[in-house]
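As structure tokens, the structure follows; a few thoughts come after it.
Coordinate-derived values only; no laboratory data. What you see is a predicted model, and the numbers here were worked out from it, not measured in a lab. For neighbour counting, all protein chains shown are included, and Cβ atoms are generated from backbone atoms with ideal geometry for every residue, glycine included.
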């Protein structure tokens, strides 16, 4: 063990730990979710990228020596490549406006940079967490920027997954284009319709949701790095503020730009609210699709029975041979969780006050959680459910030839009143008589 001291006392830290006393205090004081920052490697990488860009801008501005700049950059590159992620024990859902996450990365980069320069971990001999790694920055603009970089990267992965699912649904829609079945409105029989047409509606939904999500995603490239705490830029040198966007573009390969007003960026999270709302809309549409598959495949003897979903495991510990729609149900429950994440984001937006919304961290992590859950579940849903769905054509044909579709056909020929009277007189037999006689 080694010992580090601050104004609150002394703590013991594992001798090989790259983090320091502020990380230990955050982990001890601010943890509740039983998750760690190390569970979010993309966020750790984004934080590291921000620190690298800051080191380069500070070096050019003369705030850091070339020796310290290069050591910080090397340490950040190691983190970006996936190394040292185990040294991030802070709970990502913590108070303090993200202080734990920012200090965790400051201390890891500082200790690793000192190692690179030939010093012991914990000595902070040449590279200080605050004075050097955090130079010209605050927790506010660092975490604000890293959260958005993470969300943008993860949304690209999610959009690719949704696009793949959409293609599989489109293929089913094309495959079923000639399979006639019955539509339902108010859970009652409706008109005759090709099953493929009904599936095409899901394809169109996903088109619209992806387009809207892409637009919301573009807001993630509008950041406030250089605005420091509340957007004033106080504490950041003029040279740093002049060059930080250039280096951030260079390190991210993204066309990042400043928000129009950096005070606004510190106070308001509505850009995160927009992304979360789009994730909620996507999840709501997927819930409906999953429920519809369960209904269309219900049975096998007393339900709709239009579709047969792939059997992937035993469905019951009580009924031998019973197979349940467990994959759509897993999708639905995942989407319930996404709706819960959205509520967290909207609450964070609602409860910000005055000049800095300190709840930005919980909003960002909730979005990252929602994206990750959807990205995980959709390939399983596509591969183990959608691609293997079979249509029961005979059942669909029987439904297509039931009473209400016949009513719709006859109404076009004989008018509403004539068909209604035939139904009242003798039910379906009356309709068949009307059809056979060409009217009464």
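Values computed for the structure shown
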read-out	value
Cβ-based exposure ranking for 365, 1, 191, in which fewest neighbours within 10 Å come first	1, 191, 365
Relative packing of peptides 46-53, 16-23 - highest average C-beta neighbours within 10 Å first	46-53, 16-23
The chain shape via C-alpha gyration tensor axes, a/c threshold 1.5	prolate
Relative packing of peptides 336-344, 274-282, 36-44 - highest average C-beta neighbours within 10 Å first	274-282, 36-44, 336-344
Ranked 80, 252, criterion: other C-beta atoms within 10 Å, fewest first	80, 252
Nearest-ten-degree value, helix 99-116 long axis tilted from longest Cα axis of the chain	50
Helix 195-218 vs. the chain, principal-axis angle (Cα, 0 to 90°, nearest 10)	20
Region 286-440: C-alpha gyration tensor shape, a/c 1.5 cut-off, then a/b vs b/c	oblate
Global form of region 143-255, assessed from the alpha-carbon gyration tensor, a/c cut-off 1.5	prolate
Helix axis angle, 360-384 relative to the chain longest principal axis, alpha carbon, degrees	40
